[in-house]
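First the structure, in the form of structure tokens, and then the observations on it.
The values are calculated or read from the model by the stated rules, or taken from the named source; none is laboratory data. Since the model is a prediction, treat every value here as computed from it, not as a measurement. Here the Cβ positions follow ideal geometry from the backbone for every residue, glycine too, while neighbour counts run over all protein chains shown. Keep in mind that these areas ignore ligands, DNA and RNA; they rest on the heavy atoms of the full protein, side chains included. Shrake-Rupley method; radii C 1.70, N 1.55, O 1.52, S 1.80 Å.
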Amino acid sequence: MSTPQSKTRAAPTEWTVQDATELYRISSWGDPFFFVNPHGHMAVRALDEAGTTMDVVDIVNELRRRGVQFPVLLRFQDVLRAQVRRVNEAFRSAIAESNYGNIYRGIYPIKVNQLHEVVDELLDAGRPYGMGLECGSKAELIACLPQIDGDTLLVCNGVKDRTMLSLMIAGQKLGQNIVPVIEKYSEFNELKGLAFSTGYMSQLGVRVRLATRGAGRWAESSGTNSKFGLNVSELMQMVNELEASGQQAKLVLLHCHIGSQIADIQVLKEATKEVTQIYAELVKRGVGLKYLDVGGGLGVNYDKGHLEEDAGINYSLEEYANAVVFTIKEVCDSNEVPTPTLVTESGRALTAHHSVLVVPVLGAHAKDDPNQELTVPEDAAEPVHRLNKILASLPKTRKQSELLEAFHDVNERVEEVRQLFTLGYLPLAQRALAESLYWRICTGLLRALKRNPEAPRPEILELEDQLTELYLCDFSVFQSMLDHWAIGQPFPIVPIDRLDEQPEKRAILVDLTCDSDGKVTHYVSTRDNRFLPVHPTANGTPYYLGFFLMGAYEDIIGDAHNLFGRVTEAHVYADAEEPGDFWIEKIIHGTAVQDMLAQVQYFPNDLHRRMSELVRAKIQANVVRPTQGMEILDQYMACFPQTTYCDTRDIEREASR
């Protein structure tokens, strides 16, 4: 495995960092934050006035120097702040360009990433723009209430019981700008009951189900059959009731949502036009709407135009803002109603880029050791000799027809070997030799075929699949990238260094869990989405992979499969005073073994007692000596405060001896 390299190492002339940028599609998903620097390292732009950048390898080396155990989640707080600025400034520019008659208020839906440090950073960065929050559950409401003040908007979505509605009203009485959004008609009835009993009618909002359906993976969350919201007839029934009681001014917010990760800008325009038309009709009736909330959906390019259509988006941030602002203004102008305060709930776009999971590769399962000398004994079976002849003739084989003949021949011979072994006519040693010859031949065939631009694609694909290696990585797919396992969400994965060297290996990444699904099944690269181009590993020298765009949802929805817990976090800021430098504000250590055990009702005191009784019984039975028994007990208890992941520091120390 390769240690993050020093910045003085010369790069091979036949491969450049631009080649790596194209191979891993970094410009597509990384812009404007991630790039490959001239040293072949992944790097981060802070997007500050000084143009500060941070070298990911330098950060990893600093964490290693401090004895931090990997895997580590790097939180680039400057990226969070920069993305808040970018989104708000895009809407400000669109408003100025269109002469829109109102303002924009961005809302962060904390379900995307509820971690306190993330919410605090976003609110602080968004304070000059009046940024607010959105909550969707009782716990989220309780977390959000103390975070807002003054005119800061708190939009309350999701299913609400009487306790939640009462708490929202209490917050309004404190002067907070809280808007409970009616998702189903029973909530409106509950709110009316509270108004009757307390003599206080809350300001409220309503989510409407649009006929326009979203585009992409989350299209089912929109349309007339969506999970939340009132249909148009229910909306009109509610408006009629408010008008009958003279409370129509209390309805201040109209909300819609056409799904996360909107892939098509045209769908966004259609939905915005539809909801604005509803807004205009209600305003003309005298309803007191102030806010038009077009929901979330601002997409992130995880894998634009390569693997799946819903993995990317066909618009820029500026195009998104222009589409929303210009569409609302056009509809309002045609209806001669004032434009509303525009609200969006862009959570994924705000947070996705700021988190990078850095994972060590623990080892590779290679099909063949090219340094191993292969000697075929004279008494070997005929198919083994035939494989050896194919290997010997391979360097002289030039014609494509001869290469394809060798490809089919080698597959037939290795199948003969396996059948002879199964029938008991071939020793295990000869089968092992035959398979080593087979992998050596396949490697040569693939190399020769790829030199010919007209070589048939099916044979190349088959050879690539056969020669792909398994790279064992120190992480859990279920804990750190559950969306990949659950819904096939692609995430860009790139070696953090050696990007000035051509990655000649093909890898499938597998995790630590005892589960066949514990692997990464598709990748973001121009070469092929079936495997990740990687470099060869060397024992004892760490080789790190960066998993990018992990900041939205993955921090929160992780599953404790095999009791792997949260990984260690490092909060990193750029140092504008020292270009290229950084400082680590905080390190939050990952979940310890004892904490994970406690979640499933195994407690250290009880386990210690049980283990002590077991050791004592073995000592009394003369299975172990007392000293040895106590050492085993101490060894057992020493594991409790440790991380749930492999300690790569021990592996590195052992390899360096």
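Here are a few things to note about the model shown:
- About its Cα centre, the dipole of the chain is roughly 900 debye, where the only charges are +1 on Lys and Arg Cβ and -1 on Asp and Glu Cβ.
- Angle in degrees between helix 400-422 and the longest Cα principal axis of the chain, rounded to the nearest 10: 80 degrees
- Using C-alpha pairs below 8 Å separated by at least 6 residues, the relative contact order for the stretch 12-123 is 15 percent.
- Rolling a 1.4 Å probe over the heavy atoms of the protein chains gives the stretch 503-641 an accessible area of 51 Å² per residue.
- Between the residues TYR200, TYR523, ILE262, the greatest Cα displacement towards the positive end of the dipole of the chain, with unit charges on the Cβ of Lys, Arg, Asp and Glu, is found for TYR200.
- Among the protein heavy atoms, those of SER27 account for about 80 Å² of accessible surface (1.4 Å probe, every chain in place).
- Solvent-accessible surface of the stretch 276-387, taken per residue with a 1.4 Å probe and all protein chains present: 38 Å².
- Rounded D (µm²/s) - the stretch 460-609, Kirkwood Rh over Cα pairs, Stokes-Einstein at 4 °C, 1.567 mPa s: 73 µm²/s
- Sequence of ASP124, ASP647 from largest to smallest accessible area, 1.4 Å probe: ASP124, ASP647
- A straight chain from CYS514 to GLU281 at 0.36 nm per residue would run longer than the Cα-Cα distance by 78.1 nm.
- Our helix-only sum for the chain, with -39,500 (n - 2.57) per DSSP H run of n ≥ 4 divided by its residues, gives a mean residue ellipticity at 222 nm of -13000 deg cm²/dmol.
- Calculated diffusion of the chain, Stokes-Einstein form, Kirkwood radius summed over Cα pairs, 37 °C and 0.692 mPa s, µm²/s: 115 µm²/s
- FRET efficiency for the HIS589 to GLU22 pair, using the beta carbon distance and R₀ = 25 Å, is estimated at 0.10.
- 10 Å Cβ shell holding at most 15 others, DSSP loop, GluC sites (Glu not before Pro): longest site-free stretch of the chain: 50-335
- With the whole protein complex present, HIS385 retains an accessible surface near 60 Å², based on a 1.4 Å probe.
- Protein-only accessible surface order, largest first, of ASP19, ASP379 at 1.4 Å: ASP379, ASP19
- Table column - 3J(HN,Hα) (Hz), the stretch 149-158, Karplus curve with 6.51, -1.76, 1.60, x for Gly and Pro: 7, x, 8, 4, 8, 10, 8, 10, 9, x
- Whole-angstrom gap from the stretch 333-369 to the stretch 53-124, using each part's C-alpha centre: 10 Å
- For the chain, the longest principal axis of the alpha carbon atoms and the long axis of helix 77-98 meet at an angle near 50°.
- Look at the dipole of the chain built from charges on Cβ: of ILE59, PRO626, VAL410, the Cα furthest out on the positive end belongs to PRO626.
- Accessible area per residue for the stretch 55-188, computed on protein heavy atoms with a 1.4 Å probe, is 35 Å².
- When LEU242, LEU472 are compared by accessible area at a 1.4 angstrom probe, the order from most to least is LEU472, LEU242.
- Backbone N atoms of the stretch 436-473 closer than 19 Å to the 7 Å Cα→Cβ label point of ALA366 belong to residues 436-448, 464-473.
- Judged by the ratio a/c of the largest to the smallest principal axis of the C-alpha gyration tensor, the stretch 461-549 counts as rounded, that ratio being less than 1.5.
- Relative contact order computed over the chain (Cα-Cα under 8 Å; 6+ residues apart), in percent: 18 percent
- FRET efficiency, 1/(1 + (r/R0)^6) with R0 22 Å, evaluated for LYS138 and ASN240 via beta carbons: 0.15
- Options ALA20, HIS608, PHE582, ranked by Cα towards positive dipole end of the chain, top entry (Cβ charges): HIS608
- Full-stretch length increase - MET630, GLU373 - with 0.36 nm per residue and alpha-carbon distance subtracted: 87.8 nm
- Shape call, the stretch 229-302: gyration tensor on alpha carbons, a/c limit 1.5: prolate
- The Cβ shell under 12 Å around CYS332 holds other residues with a net charge of -1, Lys and Arg each +1, Asp and Glu each -1.
- Ellipsoid equivalent to the stretch 23-116 - semi-axes via the Cα gyration tensor, in Å: 32, 18, 12
- With all protein chains in place and a 1.4 Å probe, the accessible surface of the stretch 323-376 carries 44 percent carbon and sulfur.
- Gyration tensor verdict on the stretch 511-593 (Cα atoms; rounded if a/c is under 1.5, prolate if a/b is larger than b/c, oblate otherwise): oblate
- Carbon and sulfur %, accessible surface of the stretch 489-590 computed with the full protein complex present, 1.4 Å: 45 percent
- Tilt relative to the chain, helix 428-450 - C-alpha long axis, 0 to 90 degrees, to 10: 60 degrees
- Point-charge dipole on Cβ atoms (K/R +1, D/E -1) for the stretch 417-502, about Cα centre, debye to 20: 460 debye
- 9 Å beta-carbon shell around PHE478, net charge (K/R +1, D/E -1): -4
- Centre-to-centre separation between the Cα atoms of the stretch 131-186 and those of the stretch 455-469: 56 Å.
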